[in-house]
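Q: Quick one: the structure is below, and I'll ask about it shortly.
The values are calculated or read from the model by the stated rules, or taken from the named source; none is laboratory data. Quick caveat, the model's predicted, so the values are computed rather than measured. For neighbour counting, all protein chains shown are included, and Cβ atoms are generated from backbone atoms with ideal geometry for every residue, glycine included.
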């Protein structure tokens, strides 16, 4: 929902969710009101998402749709790896795995090199998602252009439990069961979930099984502690890209369905591209103190096993990540005082073993190993900040982050090595103007830095028709740096049930050394480099939501508009658009509410074409599209049910694509989006 962070909200249907309620404070996790208050102090684009208000939560899109500034481009439509981008950050990575810091309960989910596997996120276990776009971050480890998303878990305070089931087109099945309990000073919750999807396209099945558990303790003197455990097993087939003309003629097909030499060279059935990842995670957070001085300590450990076959070679990684984080904050004169401060320290380390194997074009099995590397990423970061109310309606906010990051790589077979280290500061200064109790305006100036991940530093070259000549290399890269200016506001128009919530932000980022990853003529990644000519990211992020009373019931509506103008300033592609991000992306929904029922249409609209290559080749663009959906919801006490149809006109379109320096429509480069589909589900809270 395009939500404001103001305390009041437009009238919405009754939802039996106790997450974040004022009466039931969950140890360590902030309540909805407290998180909104914290975000309201940030002079920049933020918003708070409450996923449990959505009837369907099968995918990350279900949780984050209708949110301004968040661009999600589906790959295969299941529990795979959608492309997530904020302000164009990380859109060039392939597989999509950097540019935004993902947090689980305030602690990083990313590995220490900045990479992540987005399919490991379980939206059904999130009570809140705190979105802090751009430099409007709150954690000491966030330094990238895209910002951070904090998925805050449901706990035993949020109810005794829940059962949620879903079934839909193309073999989609989902089941989640959770149970919670609480005592006088403790609570616990266990969630088990499983998803299966046969896939719209051939060779696009996916599955995910997950277990999430946490136990919280409330001690004497305001001491709070919570321990988290999770296990996730993710696997999905990759149907890969096809030429543009097949989007209309055979959107469910893959390379190998035709008789052309290209089909035989890139035969998906024989090469069996896929990804399998398993992650174990253990974390603990403690918090204590008062308004005058509050401290928090968090530690985490995660072990990730990842196998990724991209058609021509396997990347097999084993990663062990550990981290710790300390934060302290205070308002010496209490909540009404004019001055607040915060400081933080963070450390993280990842040790990776990564092996590269050529893929057999005959049966997809592993051939010879052509690379074996030990990879180590270390981060040490500090933050100090303050906010000062200089006048009743005006607050100055500033913070300074200092970081030392290293990315060290060594071959276990060839003796080659590459050690890189960067030390930098990312300052920010901003101002909040609280024009009225319901309206806030802001402006800020900030710096951001992003180091390359090992997916960029370690390169592989494998010709599809010559796996025996496969080779690997270590690539020396610079940091991507940016200076960003931002202005915007959020608030409420009107009062009562007809109030309209709004938010809007305008930003402009001047980027130096942007990390650009490209693919070859077959849609396979070939390398990453720092663009020397400078780039510019600018755009608008706007959202509206509300409820209009009618003679019978009401109309609940929401919508968002994300405008992105990303261009090369100089160099080879001077004046061209950076490929990868749609210029306009609009999402809207209108639901007629009568009693326990809501019914209405929704729209996902990309009104203009998007370049798929940096040369902006005519004819190779991702064409504009509009997807119409319909939703029927029923809520009655602890029961919820829905029936949802997507792409009801069966529009044939490209949901995403491979990014190249130069492309043609005849090259395999496009991922067809899902056709017409229907899903139904039911949940019960007890």
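Q: If we scan segment 308-329, do we find a residue that is without any contact (Cβ under 8 Å) to a residue 60 or more places away in the chain, outside any strand (DSSP E or B) and over 22 Å from the mean Cα position of the chain (by Cα)?
A: No - not one qualifying residue is present in segment 308-329.
Q: Okay, moving on. Give me the pairs, please: first residue somewhere in segment 287-306 and on the phi > 0 side of the Ramachandran plot and modelled with pLDDT under 95, second residue anywhere and assigned to a strand (DSSP E or B) and surrounded by fewer than 16 Cβ atoms within 10 Å (Cβ to Cβ), beta-carbon distance under 7 Å, and either six or more positions apart or on two chains.
A: As it stands, the answer is 289/295, since those pairs meet every condition given.
Q: Residues being in contact (Cβ under 8 Å) with a residue 12 or more places away in the chain and outside any helix (DSSP H, G or I): count how many of those fall in segment 241-286. Walk me through how you get there before you give the answer.
A: At the first step, the residues of segment 241-286 found to be in contact (Cβ under 8 Å) with a residue 12 or more places away in the chain are 241-248, 251-257, 262, 265-286.
The next check asks that each one be outside any helix (DSSP H, G or I); those that pass are 241-245, 251-257, 266-267, 272-286.
Here the count works out to 29.
Q: OK, next. Among the numbered criteria (1) out of contact with any helix residue (DSSP H, G or I) (no Cβ under 7 Å at 6 or more places or on another chain); (2) modelled with pLDDT under 95, which one does residue 395 miss?
A: (2)
Q: Scanning segment 587-614 for residues that are assigned to a loop (DSSP other than H, G, I, E, B) and without any contact (Cβ under 8 Å) to a residue 40 or more places away in the chain, which turns out nearest to residue 567 (Cα to Cα)? Don't jump to the end; show me each part of the working.
A: Here is the first cut: in segment 587-614, the residues assigned to a loop (DSSP other than H, G, I, E, B) are 595-596, 607-609, 611-612, 614.
Narrowing the set further to residues that are without any contact (Cβ under 8 Å) to a residue 40 or more places away in the chain leaves 607-609, 611.
Working: 607: 19, 608: 16, 609: 15, 611: 11 Å.
If we take residues in segment 587-614 being assigned to a loop (DSSP other than H, G, I, E, B) and without any contact (Cβ under 8 Å) to a residue 40 or more places away in the chain, then 611 is nearest to residue 567 (Cα to Cα).
Q: Related question: What residue, of 596, 613, is more than 23 Å from residue 536 (Cα to Cα) and either touching a strand residue (DSSP E or B) at 6+ places or on another chain (Cβ under 8 Å) or buried (at least 22 other Cβ atoms within 10 Å of the Cβ) (or both)? Give the derivation first.
A: Values: 613 fails: more than 23 Å from residue 536 (Cα to Cα).
Result of the check over 596, 613: 596.
Q: So in segment 319-336, with the set limited to residues that are in contact with a strand residue (DSSP E or B) (Cβ under 9 Å, 6 or more places away or on another chain) and surrounded by fewer than 14 Cβ atoms within 10 Å (Cβ to Cβ), which one is nearest to residue 399 (Cα to Cα)?
A: Taking segment 319-336 and keeping what is in contact with a strand residue (DSSP E or B) (Cβ under 9 Å, 6 or more places away or on another chain), we get 319-333.
After this cut, where a residue has to be surrounded by fewer than 14 Cβ atoms within 10 Å (Cβ to Cβ) as well, the list is 332-333.
Working: 332: 18, 333: 20 Å.
Checking each candidate, the answer is 332.
Q: Something else about it: Scanning segment 379-421 for residues that are closer than 20 Å to residue 345 by Cβ and free of Cβ contacts under 8 Å to residues at least 40 places away in the same chain, which turns out surrounded by the fewest Cβ atoms within 10 Å (Cβ to Cβ)?
A: Here the answer is 421.
Q: Only one of (1) loosely packed, with under 15 Cβ neighbours inside 10 Å; (2) touching a strand residue (DSSP E or B) at 6+ places or on another chain (Cβ under 6 Å); (3) farther than 26 Å from residue 135 by Cβ fails for residue 460. Which number is that?
A: Against the list (1) loosely packed, with under 15 Cβ neighbours inside 10 Å; (2) touching a strand residue (DSSP E or B) at 6+ places or on another chain (Cβ under 6 Å); (3) farther than 26 Å from residue 135 by Cβ, residue 460 comes up short only on (1).
Q: Going by the conditions given, is residue 468 assigned to a strand (DSSP E or B) and more than 27 Å from residue 579 (Cα to Cα)?
A: Values: assigned to a strand (DSSP E or B): yes; more than 27 Å from residue 579 (Cα to Cα): yes.
When the stated conditions are applied, residue 468 passes them.
Q: I'm trying to understand the selection: among the residues of segment 650-665, which are in a loop (DSSP other than H, G, I, E, B) and either farther than 20 Å from residue 245 by Cβ or touching a helix residue (DSSP H, G or I) at 6+ places or on another chain (Cβ under 6 Å) (or both)?
A: Of all residues in segment 650-665, those in a loop (DSSP other than H, G, I, E, B) come to 650-653, 658-659, 661-665.
Those that are in a loop (DSSP other than H, G, I, E, B) and either farther than 20 Å from residue 245 by Cβ or touching a helix residue (DSSP H, G or I) at 6+ places or on another chain (Cβ under 6 Å) (or both): 652, 661.
Q: Still on this structure, I have one more. Residues that are modelled with pLDDT of 50 or more and surrounded by fewer than 21 Cβ atoms within 10 Å (Cβ to Cβ): does segment 5-24 have at least one? I'd like the intermediate steps shown before the answer.
A: Step one: filter segment 5-24 for residues modelled with pLDDT of 50 or more, giving 24.
Subsequent filtering for residues that are surrounded by fewer than 21 Cβ atoms within 10 Å (Cβ to Cβ) retains 24.
Looking for residues that are modelled with pLDDT of 50 or more and surrounded by fewer than 21 Cβ atoms within 10 Å (Cβ to Cβ), one finds at least one in segment 5-24, hence yes.
Q: Give segment 615-636 a look and list any residue that's without any contact (Cβ under 8 Å) to a residue 40 or more places away in the chain, assigned to a strand (DSSP E or B) and closer than 29 Å to residue 575 by Cβ, or say none.
A: Within segment 615-636, just 626 meets the criteria.
Q: For segment 202-220, give me each residue that is part of a strand (DSSP E or B) and surrounded by fewer than 23 Cβ atoms within 10 Å (Cβ to Cβ).
A: Start the filter on segment 202-220 by keeping residues that are part of a strand (DSSP E or B), which leaves 206-218.
207, 209, 210, 211, 213, 215, 217, 218 - these are the residues of segment 202-220 that are part of a strand (DSSP E or B) and surrounded by fewer than 23 Cβ atoms within 10 Å (Cβ to Cβ).
Q: Could you look through segment 561-580, keep only residues that are in a strand (DSSP E or B) and more than 19 Å from the chain's Cα centre (by Cα), and pick out the one that is nearest to residue 617 (Cα to Cα)? Can you show your working first?
A: Narrowing segment 561-580 to residues in a strand (DSSP E or B): 561-568, 577.
Add one more test, that the residue is more than 19 Å from the chain's Cα centre (by Cα), and what stays is 565-568, 577.
Details: 565: 17, 566: 16, 567: 15, 568: 15, 577: 11 Å.
Here the answer is 577.
For (1) crowded, with 24+ Cβ neighbours inside 10 Å; (2) farther than 26 Å from residue 378 by Cα; (3) in contact with a strand residue (DSSP E or B) (Cβ under 7 Å, 6 or more places away or on another chain), each residue gets a yes or a no:
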site: 73; (1), (2), (3): yes, yes, yes
site: 79; (1), (2), (3): yes, yes, yes
site: 110; (1), (2), (3): yes, no, yes
site: 155; (1), (2), (3): yes, yes, yes
site: 166; (1), (2), (3): no, yes, yes
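Q: Now for a separate question. Can you tell me which of (1) over 30 Å from residue 559 (Cα atoms); (2) in contact with a strand residue (DSSP E or B) (Cβ under 7 Å, 6 or more places away or on another chain); (3) crowded, with 21+ Cβ neighbours inside 10 Å is the one residue 490 doesn't meet?
A: Of (1) over 30 Å from residue 559 (Cα atoms); (2) in contact with a strand residue (DSSP E or B) (Cβ under 7 Å, 6 or more places away or on another chain); (3) crowded, with 21+ Cβ neighbours inside 10 Å, only one is false for residue 490: (1).
Q: Among (1) part of a strand (DSSP E or B); (2) closer than 18 Å to residue 627 by Cα, where does residue 642 come up short?
A: Of the numbered conditions (1) part of a strand (DSSP E or B); (2) closer than 18 Å to residue 627 by Cα, the odd one out for residue 642 is (2).
Q: May I pose another question? For residues that are buried (at least 18 other Cβ atoms within 10 Å of the Cβ) and more than 19 Å from the chain's Cα centre (by Cα), scanning just segment 584-593, find the one that is nearest to residue 629 (Cα to Cα).
A: 589
Q: Count, please, the residues in segment 208-243 that happen to be out of contact with any helix residue (DSSP H, G or I) (no Cβ under 9 Å at 6 or more places or on another chain) and more than 30 Å from residue 521 (Cα to Cα).
A: Taking segment 208-243 and keeping what is out of contact with any helix residue (DSSP H, G or I) (no Cβ under 9 Å at 6 or more places or on another chain), we get 209, 211, 213, 217-229, 231, 233, 235, 241-242.
Filter once more, keeping what is more than 30 Å from residue 521 (Cα to Cα): 209, 211, 213, 217-229, 231, 233.
Residues flagged as out of contact with any helix residue (DSSP H, G or I) (no Cβ under 9 Å at 6 or more places or on another chain) and more than 30 Å from residue 521 (Cα to Cα) within segment 208-243 amount to 18.
Q: If only one of 550, 515 is at pLDDT below 95 and either over 30 Å from residue 599 (Cβ atoms) or buried (at least 22 other Cβ atoms within 10 Å of the Cβ) (or both), which one is it? Steps first, please.
A: Values: 550 fails: either over 30 Å from residue 599 (Cβ atoms) or buried (at least 22 other Cβ atoms within 10 Å of the Cβ) (or both).
Exactly one of 550, 515 is at pLDDT below 95 and either over 30 Å from residue 599 (Cβ atoms) or buried (at least 22 other Cβ atoms within 10 Å of the Cβ) (or both), namely 515.
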